[in-house]
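A quick write-up on the structure given underneath.
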Amino acid sequence: MQTYRVGIIGCGGISSQRTAESTLFGSNPWSHASAYAEIPQCHVVAVSDIVLANAERFANTWGDVWSNIHVYDDHKKMLANEKLDIVSIATPDDKHADVLIDSCNAGVRGIFCEKPLATSIADADRMIKAIEDNKVVVNVDHTRRWNPIFHEAKKIIQQGKIGELKTIVATLGGPRAMMFRNGTHVIDMVCFMAESEPSWVFAELEDGFSDYFEYKGDGGYDPKTEPAVSGYIHFNNGIRAFYNCDKRIPSMSDWELTGSKGRIFVNDTRCELWISETNGLCSK
């Protein structure tokens, strides 16, 4: 059996948590480490964090699964020393770019990067170039792409049960409804369902962010550093999507997918199909 040497960069809770803090997704692994622990071919051999104590804590937490985990406070040293096959990137949001590029240039063959991929177009372009130049396989942690509920919704669309998909309304609410940190999950699922590239967009940010033209967050820790946003996306295939991300409303992540013959309501816990009747109303 082929095995893979794995390194993790950034040793916060999302990469190292052993016990799930939420039961929303049942018994699925909650952290990068707990996911790798489910794959016998993957061996976490090294971790890096600019706070060495965080890396040491990771090694102590997971030492019974992977013995002799090497710890670093510099990801470049780890990449140079460990000959890694796979790297997980779980640093703060605005630190992804250089870490991913360094990993690509170090010969890593697969990268699992936390969302958002980047916090600027310039960083995203640099990352894509490094990925393509080095022929690296990269996955961004948009977890709902692997959730059976959302795959069921997409299957219903592809089977034509709601006719031709016309509009998508996506809503993210709650105290952590942040444009970059959690908003990317919602936007990614809109694109997943639309199966098309955006042709144009416009948006409005919440009051107090009129000068927000580039990322001014703190890496994803404090929701007040990122704006709520309402936006419109027009896709090449004609689908229109409306997006609302607002800290002032109750916690929710909901998608309403409306077609010419019905609609689907989907979130993390359920998928409902409504079919149009002859009188124009929809029945469940």
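The values are calculated or read from the model by the stated rules, or taken from the named source; none is laboratory data. Everything numeric here is computed off the predicted structure, so don't read it as measured data. Cβ coordinates were reconstructed from backbone atoms using ideal geometry, including for glycine residues, and neighbour counts include every protein chain displayed. Surface accessibility is based on the protein's heavy atoms, side chains included, excluding ligands, DNA and RNA. Shrake-Rupley method; radii C 1.70, N 1.55, O 1.52, S 1.80 Å.
So which residues in the stretch 249-264 are within 21 Å of the chain's Cα centre (by Cα) and surrounded by 17 or more Cβ atoms within 10 Å (Cβ to Cβ), if there are any at all? Listed by number, the residues that qualify are S253, W255, E256, L257. Each residue in the stretch 102-119 was checked for being polar (S, T, N, Q) and surrounded by fewer than 20 Cβ atoms within 10 Å (Cβ to Cβ), and 1 of them qualify.
Screening the candidates N54, N68, N28 for the property of being open to solvent by less than 70 Å² (accessible area, probe 1.4 Å), of a type in the set (S, T, N, Q) and free of Cβ contacts under 8 Å to residues at least 60 places away in the same chain yields one hit, N54. Is there a residue in the stretch 146-153 that is open to solvent by less than 30 Å² (accessible area, probe 1.4 Å) and touching a helix residue (DSSP H, G or I) at 6+ places or on another chain (Cβ under 6 Å)? Within the stretch 146-153, one or more residues are open to solvent by less than 30 Å² (accessible area, probe 1.4 Å) and touching a helix residue (DSSP H, G or I) at 6+ places or on another chain (Cβ under 6 Å).
Note on the stretch 190-213: among residues that are touching a Phe, Trp or Tyr at 6+ places or on another chain (Cβ under 6 Å) and open to solvent by less than 30 Å² (accessible area, probe 1.4 Å), the one that is farthest from T258 (Cα to Cα) is S196.
Rundown of residues vs (1) among the aliphatic types (A, V, I, L, M); (2) assigned to a helix (DSSP H, G or I); (3) in contact with a helix residue (DSSP H, G or I) (Cβ under 8 Å, 6 or more places away or on another chain); (4) closer than 27 Å to V87 by Cβ, yes/no style:
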site: N139; (1), (2), (3), (4): no, no, no, yes
site: I156; (1), (2), (3), (4): yes, yes, no, no
site: G160; (1), (2), (3), (4): no, no, no, no
site: L172; (1), (2), (3), (4): yes, no, yes, no
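Take the conditions of a type outside the set (K, R) and either more than 15 Å from G7 (Cβ to Cβ) or in a helix (DSSP H, G or I) (or both) and apply them to T91. Does it pass? It is false that T91 is of a type outside the set (K, R) and either more than 15 Å from G7 (Cβ to Cβ) or in a helix (DSSP H, G or I) (or both). Contact map, the stretch 80-95: first residue closer than 25 Å to T225 by Cα and crowded, with 24+ Cβ neighbours inside 10 Å, second residue among the β-branched types (V, I, T) and modelled with pLDDT of 95 or more, Cβ cut-off under 7 Å, separation 6 or more or different chains; pairs are I89/I9; I89/V99; I89/I111; A90/I8; A90/I9; T91/I9; T91/V99.
Taken together, I9, I14 contain a single residue that is within 25 Å of T143 (Cβ to Cβ), open to solvent by 40 Å² or more (accessible area, probe 1.4 Å), in contact (Cβ under 8 Å) with a residue 60 or more places away in the chain and of a type in the set (A, V, I, L, M, F, W, C), which is I14.
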